[in-house]
Amino acid sequence: MPRESSLLNNLNELPLEEGQQIHRRHDLHDRYGGNPQSGISPCGKFPYVFLFISPNGGEYGYKDNRISENEFVISGEGQEGKQKMKRGNAAILNHVEKNRALHLLSKISSGYYEYLGRFVYVSHKFEPGVDKLGNTREMIQFRLKKY
């Protein structure tokens with residue numbers, strides 16, 4: 001069961017259409033803030049957390065998968081060592097309590113992403129994985145469902 005609240009219904013929607021192609025830096029970070037280097041990017045001045053997935057995420061120790069049309073499993077942040085429930089990972093876990101909307105985007109080419117829509121946290125688990133250095137580690141896998 002997703003962790004939802006009526007507070008999320010009051011958030012301003014991000015002015016993007018599903019399937020829209022955007023430039024990450026110009027269309028998102030210059031306008032809304034957030035860390036352009038991070039795959040989980042909470043915005044400082046807006047109630048958004050941008051989540052970026054990439055087909056080549058495995059090179060950096062990430063395992064992101066579409067489960068169905070409306071569900072994804074995405075890796076937590078941190079390329080090396082054990083992932084911890086802090087910073088961006090905590091932003092996903094606590095997005096409802098912090099009144100923040102999760103927005104998922106998938107890389108299509110250098111700097112460009114497709115907007116997949118607004119999502120909510122469903123659950124997470126810790127599982128074994130391999131980091132970008134090839135070392136075994138514990139990683140966080142978040143399950144998200146379309147809002």
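The values are calculated or read from the model by the stated rules, or taken from the named source; none is laboratory data. These numbers come from a predicted model, not from an experiment. All Cβ positions, even for glycine, are placed from backbone atoms using ideal geometry, and neighbour counts span all protein chains on display.
Tell me whether region 132-141 contains one or more residues that are of a type outside the set (F, W, Y), closer than 28 Å to H23 by Cβ and either within 14 Å of the chain's Cα centre (by Cα) or part of a strand (DSSP E or B) (or both).
As a first pass, look at region 132-141 and keep what is of a type outside the set (F, W, Y): 132-141.
In the following step, the residues that additionally are closer than 28 Å to H23 by Cβ were identified as 132.
From what's left, either within 14 Å of the chain's Cα centre (by Cα) or part of a strand (DSSP E or B) (or both): none.
Within region 132-141 (the criterion being of a type outside the set (F, W, Y), closer than 28 Å to H23 by Cβ and either within 14 Å of the chain's Cα centre (by Cα) or part of a strand (DSSP E or B) (or both)), the answer is no, since none of the residues qualifies.
Here's the yes/no breakdown for (1) buried (at least 17 other Cβ atoms within 10 Å of the Cβ); (2) within 18 Å of G34 (Cα to Cα); (3) in contact (Cβ under 8 Å) with a residue 60 or more places away in the chain; (4) of a type in the set (D, E, K, R):
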| position | (1), (2), (3), (4) |
| --- | --- |
| L51 | yes, yes, yes, no |
| N56 | no, no, no, no |
| E59 | no, no, yes, yes |
| D64 | yes, no, no, yes |
| V73 | yes, no, yes, no |
| G76 | yes, yes, yes, no |
| K82 | no, no, no, yes |
| M85 | no, no, no, no |
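Filter region 115-131 down to residues that are surrounded by fewer than 16 Cβ atoms within 10 Å (Cβ to Cβ) and more than 14 Å from F142 (Cβ to Cβ) and give me whichever is modelled with the highest pLDDT.
Filtering first and then ranking leaves P128.
Only one of these conditions is not met by N99: (1) surrounded by 17 or more Cβ atoms within 10 Å (Cβ to Cβ); (2) touching a helix residue (DSSP H, G or I) at 6+ places or on another chain (Cβ under 6 Å). Which number is it?
Result: N99 passes all but (1).
Mind counting the residues in region 73-131 that are closer than 17 Å to G58 by Cβ, under 11 Å from the mean Cα position of the chain (by Cα), assigned to a strand (DSSP E or B) and of a type outside the set (S, T, Y)?
Total meeting the criteria: 2.
Could you tell me which residue of region 33-65 is nearest to V120 (Cα to Cα), considering only residues that are out of contact with any Gly (no Cβ under 9 Å at 6 or more places or on another chain) and part of a helix (DSSP H, G or I)? Spell out how you get there, then give the answer.
First, pick out the residues of region 33-65 that are out of contact with any Gly (no Cβ under 9 Å at 6 or more places or on another chain): 36-37, 47, 55-56, 58-59, 65.
Remaining after also requiring part of a helix (DSSP H, G or I): 58-59.
Details: G58: 23, E59: 26 Å.
Top of the filtered list is G58.
Which ones in region 12-23 are at pLDDT 90 or above and either among the polar types (S, T, N, Q) or in a helix (DSSP H, G or I) (or both)?
Q20, Q21
Can you find a residue that is within 26 Å of I22 (Cα to Cα), modelled with pLDDT of 95 or more and out of contact with any helix residue (DSSP H, G or I) (no Cβ under 6 Å at 6 or more places or on another chain) anywhere in region 75-85? Before you say what the answer is, go through the steps one by one.
To start, the set of residues in region 75-85 that are within 26 Å of I22 (Cα to Cα) comprises 75-79.
Right, trim to modelled with pLDDT of 95 or more and you get 75-77.
Filter again for out of contact with any helix residue (DSSP H, G or I) (no Cβ under 6 Å at 6 or more places or on another chain), leaving 75.
Yes, region 75-85 contains a residue that is within 26 Å of I22 (Cα to Cα), modelled with pLDDT of 95 or more and out of contact with any helix residue (DSSP H, G or I) (no Cβ under 6 Å at 6 or more places or on another chain).
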